[in-house]
Amino acid sequence: SETGGGTLAFEDSGSVDFWVEDRLSFRSAGEEKVSAVLTGERPSASPEARAALRGGKVLRELKLALRREEREYLVSLRGPAVEIAGAKIPSLVKSGEAAEILYERMFLYEELTFMIGGLFRAFAEARCGDDWERVLLPRMRALAAGQLDAPEEAE
């Protein structure tokens, strides 16, 4: 999201906009305990986030915002398994039958997991692709070192 504009197009089902919201937590490699928490507007673009990455810290948890069409989601992802630690899904049906509200919530949660799966799949393809060592890893290191500016977040 920092260098690619934060949009991922799905082959047959539109696209999703995504960005790091207002919380990142880092831990030292090999440890479980959180050692740095960054909050506020665009913490992923902060000098503190870059310093944590340069210092060998790894991401423990992040709060991610996703938008698909008019629906906006907030989700906290945690750990190496990218577990959903908390989610806020939109509410389209304000009142009505309990079954209708339940089915809507089930659809929205399924859409959220579909989007997260798509982001993870795109990362896995990039990570296993031919350009990882030659292009992507050096760009990530340059971004962490402050040598590559992240584009301003689209309004």
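What the table below lists for this structure:
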| item | result |
| --- | --- |
| Residue tally, condition in contact with a helix residue (DSSP H, G or I) (Cβ under 7 Å, 6 or more places away or on another chain) and buried (at least 16 other Cβ atoms within 10 Å of the Cβ), over the stretch 41-70 | 6 |
| Helices (runs of 4 or more DSSP H) contained entirely in the stretch 47-155, each with at least 1 residues that are on the phi < 0 side of the Ramachandran plot and in contact with a Phe, Trp or Tyr (Cβ under 6 Å, 6 or more places away or on another chain) | 47-54, 98-128 |
| Within the stretch 99-134, considering residues that are over 18 Å from the mean Cα position of the chain (by Cα) and open to solvent by less than 50 Å² (accessible area, probe 1.4 Å), the one nearest to residue 11 (Cα to Cα) | 129 |
| Qualifying positions in the stretch 18-40 - open to solvent by less than 50 Å² (accessible area, probe 1.4 Å) and within 16 Å of the chain's Cα centre (by Cα) | 18, 19, 20, 24, 25, 26, 38, 40 |
| Cβ-Cβ under 8 Å pairs, at least 6 apart or on other chains, the stretch 64-91 side free of Cβ contacts under 8 Å to residues at least 60 places away in the same chain, far side part of a loop (DSSP other than H, G, I, E, B) and of a type in the set (Gly, Ala, Ser) | 68/14; 69/14 |
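The values are calculated or read from the model by the stated rules, or taken from the named source; none is laboratory data. Note that the coordinates shown come from a computational prediction; the quantities given were computed from them, not determined experimentally. Don't worry about glycine lacking a Cβ; one is built from the backbone with ideal geometry, like all the others, and counts go over all protein chains shown. Calculation scope for accessible area: heavy atoms of the full protein, side chains included, ligands and nucleic acids excluded. Shrake-Rupley method; radii C 1.70, N 1.55, O 1.52, S 1.80 Å.
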